[in-house]
1. Gln61 passes all but one of (1) touching a residue at least 40 places away in the same chain (Cβ under 8 Å); (2) closer than 18 Å to Gly110 by Cβ; (3) not in a loop (DSSP other than H, G, I, E, B); which number fails?
2. Quick check on Thr90: is it surrounded by 10 or more Cβ atoms within 10 Å (Cβ to Cβ), more than 15 Å from the chain's Cα centre (by Cα) and closer than 19 Å to Glu12 by Cβ?
3. Is it the case that some residue within the range 103-110 is among the small types (Gly, Ala, Ser) and buried (at least 18 other Cβ atoms within 10 Å of the Cβ)?
4. Is it true that some residue in the range 88-109 is out of contact with any strand residue (DSSP E or B) (no Cβ under 9 Å at 6 or more places or on another chain) and in contact (Cβ under 8 Å) with a residue 60 or more places away in the chain?
5. Run Glu60 past the list (1) at positive phi; (2) open to solvent by 100 Å² or more (accessible area, probe 1.4 Å) and report the number of the one that doesn't hold.
6. Hey, could you check the range 13-44 for residues that are assigned to a helix (DSSP H, G or I) and in contact with a strand residue (DSSP E or B) (Cβ under 7 Å, 6 or more places away or on another chain) and say which is surrounded by the most Cβ atoms within 10 Å (Cβ to Cβ)?
7. Applying the selection to the range 7-24, what residues are among the β-branched types (Val, Ile, Thr) and at pLDDT 95 or above?
8. Confirm whether Arg27 is modelled with pLDDT under 95, out of contact with any Pro (no Cβ under 7 Å at 6 or more places or on another chain) and closer than 28 Å to Thr7 by Cα.
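The values are calculated or read from the model by the stated rules, or taken from the named source; none is laboratory data. Computed from a predicted model, the values in this text were never measured in an experiment. With ideal geometry, Cβ positions are generated from the backbone for all residues, glycine too; neighbour counts draw on all protein chains shown. We work out accessible area using only protein heavy atoms, side chains counted, and drop any ligands, DNA or RNA first. Shrake-Rupley method; radii C 1.70, N 1.55, O 1.52, S 1.80 Å.
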Amino acid sequence: MPELTITISEAEFTQQLIELAHLKGWRAAHFRPAMTKDGWRTAVQGDGKGFPDLVLVHPEQKRLIFAEVKRDGDKRTPAQEDWYCWLFQTKAEVYIWRPGDWETIVDILGEGRLR
């Protein structure tokens, strides 16, 4: 039987992740770009280019997650890779999440599994 492929936009997937995080007791932040006269831009200062899409906090579990959200098959930019490398050296959990990782994501957010 052929494998079923479901196409979902990054924005739709991000919304699903935020809803799941809330169901599991997490606080979630995502900073969306806005259309400007110069095209799509995300208001950021300092070294914000490539910053992960989601920041999740669970104070009871004393956990902090940074997650880059990608569609299946999409690659990280060099700026996103740079942030990933910097954050991976901290005590925070750092992930790249794709729709195909859904079962693992549910486990990570629900069971407290680290990296």
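1. Exception for Gln61: condition (3).
2. Working: surrounded by 10 or more Cβ atoms within 10 Å (Cβ to Cβ): yes; more than 15 Å from the chain's Cα centre (by Cα): yes; closer than 19 Å to Glu12 by Cβ: no.
So Thr90 fails the test.
3. Let us first name the residues in the range 103-110 that are among the small types (Gly, Ala, Ser), namely 110.
Adding the requirement that they be buried (at least 18 other Cβ atoms within 10 Å of the Cβ) leaves none.
Checking the range 103-110: not a single residue is among the small types (Gly, Ala, Ser) and buried (at least 18 other Cβ atoms within 10 Å of the Cβ).
4. Residues of the range 88-109 out of contact with any strand residue (DSSP E or B) (no Cβ under 9 Å at 6 or more places or on another chain): 89, 99-100, 102-103, 106-107.
If we keep only those that are in contact (Cβ under 8 Å) with a residue 60 or more places away in the chain too, we end up with 99, 106.
There is at least one residue in the range 88-109 that is out of contact with any strand residue (DSSP E or B) (no Cβ under 9 Å at 6 or more places or on another chain) and in contact (Cβ under 8 Å) with a residue 60 or more places away in the chain.
5. (1)
6. To start, the set of residues in the range 13-44 that are assigned to a helix (DSSP H, G or I) comprises 13-23.
Add one more test, that the residue is in contact with a strand residue (DSSP E or B) (Cβ under 7 Å, 6 or more places away or on another chain), and what stays is 13-14, 17-18, 21-22.
Values: Phe13: 19, Thr14: 19, Leu17: 23, Ile18: 17, Ala21: 20, His22: 13.
If we take residues in the range 13-44 being assigned to a helix (DSSP H, G or I) and in contact with a strand residue (DSSP E or B) (Cβ under 7 Å, 6 or more places away or on another chain), then Leu17 is surrounded by the most Cβ atoms within 10 Å (Cβ to Cβ).
7. Restricting attention to the range 7-24, the residues satisfying the condition of being among the β-branched types (Val, Ile, Thr) are 7-8, 14, 18.
Within the range 7-24, Thr14, Ile18 qualify.
8. Numbers: modelled with pLDDT under 95: no; out of contact with any Pro (no Cβ under 7 Å at 6 or more places or on another chain): yes; closer than 28 Å to Thr7 by Cα: yes.
Against the criterion (modelled with pLDDT under 95, out of contact with any Pro (no Cβ under 7 Å at 6 or more places or on another chain) and closer than 28 Å to Thr7 by Cα), Arg27 does not qualify.
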